[in-house]
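In what follows, a single structure is set out as structure tokens and then discussed.
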Amino acid sequence: MSNNDMMEKEEIFSKVLRAGRRTYFFDVRSTKAGDYYLTITESKKFTNDDGSFHYKKHKIYLYKEDFTDFNEIMQEMTEYIIDEKGNEVISERHQKDFKKEYEEETVGETSSADKFTDIDFDDI
């Protein structure tokens with residue numbers, strides 16, 4: 001059996017979310033033991049100087065024993081972001097009049113390098 005045949009048998013259920021240059025793939029797959037797990041893949045398109053393009057992919061494997069905790073934290077984090085910033089997208093890419101914080105700083109203010117605090121890894 002070829003690798004492609006194995007991949008087709010392993011993939012059970014899939015959904016795709018296209019979001020600008022990013023595409024998210026949600027795939028239910030099967031372990032060798034026949035149990036299911038979820039993979040979430042982010043694929044981002046990059047264009048080279050010569051006009052050709054390539055994709056960078058990042059993948060997360062999520063197993064059933066982690067579903068409850070993952071869902072709770074994901075829900076908490078998304079609710080926090082919406083509560084703090086609302087649903088409107090705020091970014092340089094989406095707003096023509098967007099100004100980065102450092103563009104608005106006055107000359108007399110300290111730079112972010114001056115505000116750096118030493119971190120000891122024993123504190124983490």
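Structure summary
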{"quantity": "Residue match in segment 107-124 (condition: within 30 Å of Ala19 (Cβ to Cβ) and at pLDDT below 55)", "calculated": "yes"}
{"quantity": "Any hit, segment 91-103, residues being at pLDDT 90 or above, exposed (fewer than 10 other Cβ atoms within 10 Å of the Cβ) and either in contact with a strand residue (DSSP E or B) (Cβ under 9 Å, 6 or more places away or on another chain) or not charged (D, E, K, R) (or both)", "calculated": "no"}
{"quantity": "Selection status of Thr41, out of contact with any helix residue (DSSP H, G or I) (no Cβ under 9 Å at 6 or more places or on another chain), surrounded by 10 or more Cβ atoms within 10 Å (Cβ to Cβ) and either among the β-branched types (Val, Ile, Thr) or not in a helix (DSSP H, G or I) (or both)", "calculated": "yes"}
{"quantity": "Residue, farthest from Thr23 (Cα to Cα), within segment 40-70, restricted to residues that are of a type in the set (Phe, Trp, Tyr) and at pLDDT below 95", "calculated": "Phe53"}
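The values are calculated or read from the model by the stated rules, or taken from the named source; none is laboratory data. All of these numbers come straight from a predicted model, not from anything done at the bench. Quick reminder, even Gly has a Cβ in these numbers, built from the backbone with ideal geometry, and neighbours come from all protein chains shown.
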